[in-house]
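*Asks:* Okay, handing you the structure first.
The values are calculated or read from the model by the stated rules, or taken from the named source; none is laboratory data. The structure displayed is predicted, hence computed values, not measured ones. Cβ atoms come from the backbone with ideal geometry, glycine included; neighbour counts cover every protein chain shown. Accessible surface is based on the protein model in full, side chains and every heavy atom, while ligands, DNA and RNA are left aside. Shrake-Rupley method; radii C 1.70, N 1.55, O 1.52, S 1.80 Å.
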Amino acid sequence: MLATLPLGSLLNVSIFSDTFGLIPFLRQSELHGQDFARELLLGGAVAAGLLFLLVPRRIAFVVVPLAVATFLSLTTHSVDGAIRGYALGLSYAGGTSGDHSWIDDAVGRNADVGYLYGTSTDLFAEASLLWQTEFWNRSVRQVYNLGSPEPVGFAETTLTMNSANGRLAAAAGGAAPKYIVAANGFDLAGAAVATHPPFVLYRVAKPIRLGSSVQGVYGDTWMGADAAYFRYASPGGRPGTVSLTLSRTAWDGPDVPGHVRIQVIALRGTKAPVTTIRRWVIHTRRARVFTLRTPRPPFEVSVHIQPTFSPSKFGLPDTRQLGAQVGFRFGAR
């Protein structure tokens, strides 16, 4: 039975919630490969069988419990370390430290606040941040989903976005809330009331619409393999420039060269939507600023980095796949 277990599908992040017994094998798989984890599993099973088969009965009542206690102690230490590391990774990704009730503190517990969900590529981490935010802030009453298929356990209102002007609308209509909390990469039209990275609380202008948005970037500004900046409006609808910063200066571990591809894409009004392509190779402790000429909004600046790296492969608790720290800044011409 142990030889046929599908470890490839079992050893993943989902076991941190309900399958603690497999966590030591997940850690060994990350460090030494899946084949080693399977050999360890089978070797432990053989050792346990030999223990019961060969130990004389007169001393088994001491040896067997001692062996089991030793095994449980070692694996408990591994499980505890893995869960602590995973919790730290979520904190790094979401910036959830500090005052958890920051929304209630800013607008009061009885305010009408909506949460904009579906703004990142890591929907599991985003759902975790949503659960924490809703738990600590009674003013968060409604979840607005930007089309993510992942359920989050709340009553949701699905929003659709008009790619020409960034307007967000619910298919069923209904009144919009006075406030919306969104990831700080989503520039909602209105006034920013409070900031708590990776979130911004807006007093929204009606109708609800975006000025710009950033996708695929974590709260600490790291991206994975893909990130994108969308611009839906500019002063007078003029073209402009985007200053794109890519950096690995915060990473001083082993160098994993990443091949960077940058594209500027016009989202309407042209038969050749890709207007600019830039390439680069990013290294440890290196940074570069790209100045990109853009067409009239709406447009997209996409960034792709391959391969990525995971700090967990080098003994750190962060399990994310990272490409670079990224920043976008737009200016109209």
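*Asks:* Can you work out which of the residues in the range 276-303 that are open to solvent by 70 Å² or more (accessible area, probe 1.4 Å) and either assigned to a loop (DSSP other than H, G, I, E, B) or more than 26 Å from Gln321 (Cβ to Cβ) (or both) is modelled with the lowest pLDDT?
*Replies:* Pass one, the range 276-303, residues open to solvent by 70 Å² or more (accessible area, probe 1.4 Å): 277-279, 285-286, 288-289, 291, 293, 296.
In the following step, the residues that additionally are either assigned to a loop (DSSP other than H, G, I, E, B) or more than 26 Å from Gln321 (Cβ to Cβ) (or both) were identified as 285-286, 291, 293, 296.
Values: Arg285: 95, Arg286: 96, Thr291: 96, Arg293: 94, Arg296: 89.
Here the answer is Arg296.
*Asks:* Out of all the residues in the range 1-36, which are under 18 Å from Ile83 (Cβ atoms) and hydrophobic (A, V, I, L, M, F, W, C)?
*Replies:* Correct list: Leu10, Leu11, Val13, Ile15, Phe16, Phe20, Leu22, Ile23, Phe25, Leu26, Leu31.
*Asks:* Another one. Considering every residue within the range 204-220, establish whether at least one is in contact with a Ser or Thr (Cβ under 7 Å, 6 or more places away or on another chain) and open to solvent by less than 20 Å² (accessible area, probe 1.4 Å).
*Replies:* Among the residues of the range 204-220, at least one is in contact with a Ser or Thr (Cβ under 7 Å, 6 or more places away or on another chain) and open to solvent by less than 20 Å² (accessible area, probe 1.4 Å), which makes the answer yes.
*Asks:* Also, quick follow-up: Can you pull out the residues in the range 15-37 that are among the polar types (S, T, N, Q) and open to solvent by 70 Å² or more (accessible area, probe 1.4 Å)? Don't jump to the end; show me each part of the working.
*Replies:* Step one: filter the range 15-37 for residues among the polar types (S, T, N, Q), giving 17, 19, 28-29, 34.
If the condition is that a residue be among the polar types (S, T, N, Q) and open to solvent by 70 Å² or more (accessible area, probe 1.4 Å), then Ser17, Gln34 are the ones that fit.
*Asks:* Show the residue pairs meeting these rules: Cβ distance below 6 Å; 6+ apart or different chains; first residue within the range 180-193 and farther than 19 Å from Asn145 by Cα; second residue of a type in the set (A, V, I, L, M) and open to solvent by 20 Å² or more (accessible area, probe 1.4 Å).
*Replies:* Once the first residue is farther than 19 Å from Asn145 by Cα and sits in the range 180-193, its partners that are of a type in the set (A, V, I, L, M) and open to solvent by 20 Å² or more (accessible area, probe 1.4 Å) give Gly190/Ala205; Val193/Ala106.
*Asks:* Conditions first: (1) surrounded by 14 or more Cβ atoms within 10 Å (Cβ to Cβ); (2) aliphatic (A, V, I, L, M); (3) within 26 Å of Arg27 (Cβ to Cβ); (4) modelled with pLDDT of 85 or more. Val68 passes all but one, so which condition is the exception?
*Replies:* Unmet for Val68, out of (1) surrounded by 14 or more Cβ atoms within 10 Å (Cβ to Cβ); (2) aliphatic (A, V, I, L, M); (3) within 26 Å of Arg27 (Cβ to Cβ); (4) modelled with pLDDT of 85 or more: (1).
*Asks:* If I ask for residues that are assigned to a loop (DSSP other than H, G, I, E, B) and either surrounded by 14 or more Cβ atoms within 10 Å (Cβ to Cβ) or touching a Pro at 6+ places or on another chain (Cβ under 6 Å) (or both), which ones from the range 258-275 would you list?
*Replies:* Scanning the range 258-275 gives Leu267, Pro273.
*Asks:* Further question: Give me the residue from the range 206-242 that is assigned to a strand (DSSP E or B), polar (S, T, N, Q) and touching a Gly at 6+ places or on another chain (Cβ under 7 Å) and, out of that set, farthest from Thr160 (Cα to Cα).
*Replies:* Residue satisfying both the conditions and the ranking: Thr241.
*Asks:* Among the residues of the range 160-179, how many are part of a strand (DSSP E or B) and free of Cβ contacts under 8 Å to residues at least 24 places away in the same chain?
*Replies:* So the count comes out to 1.
*Asks:* Does at least one position in the range 220-239 carry a residue that is without any contact (Cβ under 8 Å) to a residue 40 or more places away in the chain and under 24 Å from Pro311 (Cα atoms)? Show your work before the answer.
*Replies:* First, pick out the residues of the range 220-239 that are without any contact (Cβ under 8 Å) to a residue 40 or more places away in the chain: none.
No: the range 220-239 contains no residue that is without any contact (Cβ under 8 Å) to a residue 40 or more places away in the chain and under 24 Å from Pro311 (Cα atoms).
*Asks:* Determine which single condition Asp252 fails, assuming it passes every other condition in (1) of a type in the set (D, E, K, R); (2) in contact with a strand residue (DSSP E or B) (Cβ under 9 Å, 6 or more places away or on another chain); (3) surrounded by fewer than 16 Cβ atoms within 10 Å (Cβ to Cβ).
*Replies:* The single condition Asp252 does not satisfy is (2).
*Asks:* For Ala250, which of the numbered conditions (1) part of a strand (DSSP E or B); (2) within 21 Å of Gly185 (Cβ to Cβ); (3) within 24 Å of the chain's Cα centre (by Cα) fails to hold?
*Replies:* If we test Ala250 against (1) part of a strand (DSSP E or B); (2) within 21 Å of Gly185 (Cβ to Cβ); (3) within 24 Å of the chain's Cα centre (by Cα), just (1) comes out false.
*Asks:* Then there's this: Return the residues of the range 49-67 that are hydrophobic (A, V, I, L, M, F, W, C), under 26 Å from Leu2 (Cβ atoms) and free of Cβ contacts under 8 Å to residues at least 12 places away in the same chain; say none if nothing qualifies.
*Replies:* Leu50, Leu53, Leu54, Val55, Ala60, Leu66
Rundown of residues vs (1) among the charged types (D, E, K, R); (2) at pLDDT below 85, yes/no style:
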{"site": "Ala3", "(1), (2)": "no, yes"}
{"site": "Ile23", "(1), (2)": "no, no"}
{"site": "Arg27", "(1), (2)": "yes, yes"}
{"site": "Ala37", "(1), (2)": "no, no"}
{"site": "Gly43", "(1), (2)": "no, no"}
{"site": "Ala47", "(1), (2)": "no, no"}
{"site": "Leu51", "(1), (2)": "no, no"}
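*Asks:* Same structure, new question: Which condition breaks for Ala191 when tested against (1) more than 30 Å from Val113 (Cβ to Cβ); (2) open to solvent by less than 50 Å² (accessible area, probe 1.4 Å)?
*Replies:* Exception for Ala191: condition (1).
*Asks:* Another question, then. State which residue pairs qualify: first residue over 23 Å from Asn110 (Cβ atoms) and inside the range 139-158, second residue hydroxyl-bearing (Ser, Thr, Tyr) in any location, beta carbons under 6 Å apart, and separation of 6 or more residues or different chains.
*Replies:* So the pair list comes out as Asn145/Tyr117; Asn145/Thr158.
*Asks:* If you go through the range 24-35, how many residues are more than 21 Å from the chain's Cα centre (by Cα) and either assigned to a helix (DSSP H, G or I) or over 22 Å from Gln321 (Cβ atoms) (or both)?
*Replies:* From the range 24-35, those more than 21 Å from the chain's Cα centre (by Cα) are 24-25, 28-29, 31-35; that's our starting set.
Of the ones still in play, those that are also either assigned to a helix (DSSP H, G or I) or over 22 Å from Gln321 (Cβ atoms) (or both) are 24-25, 28-29, 31-32, 34-35.
Adding up the residues that qualify gives 8.
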